[in-house]
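Read through the structure below, which is laid out as C-alpha cells, and then see the notes.
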Amino acid sequence: MTPYRRQPGFTLVEMAVVLLILTLLAGGLTVGLSAHLARRAEAATDDALAEARDALLGYVVLQGRFPCPARDGTDGSEDRASPTACGKYAGLLPWATLGIRGTDGWSRRLRYAVASPYVQPISLAVIGEKASLADGAIDIRTRNGDGAELSLTTNGGRTPVVILSHGANGLGATDQDGNPLAAPPAGSDEARNAGGDGKLFYSRTSSENPATAGGAFDDRVSWLSPNLIAHRLISAGRLP
C-alpha cells in the first residue's frame, strides 16, 4: 500500500488564522490612516486660518479698512453696499477679494465676521488724552471645565474680526461649491458660531459629547485683537 502523503497547501484552520491576522492588521491600518488624515486636515485648517489672518492684516494696511463678508458661497468678492457699509457683517470670508483659497482642511469655506466701524477708514478716537481704536463689538467666549462661560474679550477690547472653520463635523458650514451643509443642534455653541448676528462666538476645547455644556464642539476659531490692528497700522504709517 502506498503511504499517505499530505498535499501541499493550507488547512481550513490555517486559512482562518491567516484571515484573522490580516483583518486585525487591516483594522489597525485603517484606524492609523484615519487619525493621520484627521491630523492633516486640522493642520491644513490652522494654516488656512493663519493665511486668512495675514491676508486680512495686509488688506487693512493697504486699504485702511477691512473687507466685508463675501457676497455668497459662489461669489468671493466682498458684499459692499457703500464706501462705508456692508450688505452684511457676518458670512463667508471674501476669498476672491483677499486673493486666497479661503477653505479649510475639509474643503469648506471659512466663516468671517467684522464689526461695522472697521469696514470704513479706520482712525484713532481721542477721548481726553487717550487715543484708541473703536471697540470691536464682537465678543469671544469659552467654557471652563465645569461648563461655565468665560469671556475672552472685554469692554474696550472686543475683537473687530473673527475667522473660523466649522471643523471636521462641518455643521453650519458651506462647501467650496457654495452648498450649505447641515445645521448644528439648536442652542449649541456651534449653532451660535454658525448663525446669529455675528456679535458673539465661542472658542473652546473640542468635544464629541453632545451632553457637555454647549454641546459637541470642533470649530476652530481665530480673531484679531484691536491692539494688534493698531500696531500694524501705526507701523505702516496708516495711523499717527
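Using amide H atoms built in the peptide plane, which far-off residues or other-chain residues are under 5 Å from A173 H to H?
L181
Can you sort H231, H166 so the residue with the fewest Cβ neighbours within 10 Å comes first?
Sorted ascending by nearby Cβ count, the order is H231, H166.
What is the order of E51, E78, E14, fewest Cβ neighbours within 10 Å to most?
Listing E51, E78, E14 from fewest to most nearby Cβ atoms yields E14, E51, E78.
How long are the three semi-axes of the equivalent ellipsoid for the range 88-193, computed from the Cα gyration tensor as the root of 5 times each eigenvalue, in whole Å, largest first?
29, 21, 10
Mind checking the angle between helix 12-63 and the chain's longest principal axis? C-alpha axes, 0 to 90 degrees, to the nearest 10.
Value to nearest ten degrees: 10.
Note the listed values (1) 32, 19, 16; (2) 50, 20, 16; (3) 26, 21, 17, then indicate which one is semi-axes √(5λ) of the Cα gyration tensor in Å calculated from this particular structure.
Answer by label: (2).
Each reported figure results from applying straightforward, stated rules to the coordinates on display, with no laboratory input. Only a predicted model underlies this, so the values are computations on that prediction, with no experimental measurement involved. Glycine also receives a Cβ, built like all others from the backbone with ideal geometry; neighbour counts cover every protein chain displayed.
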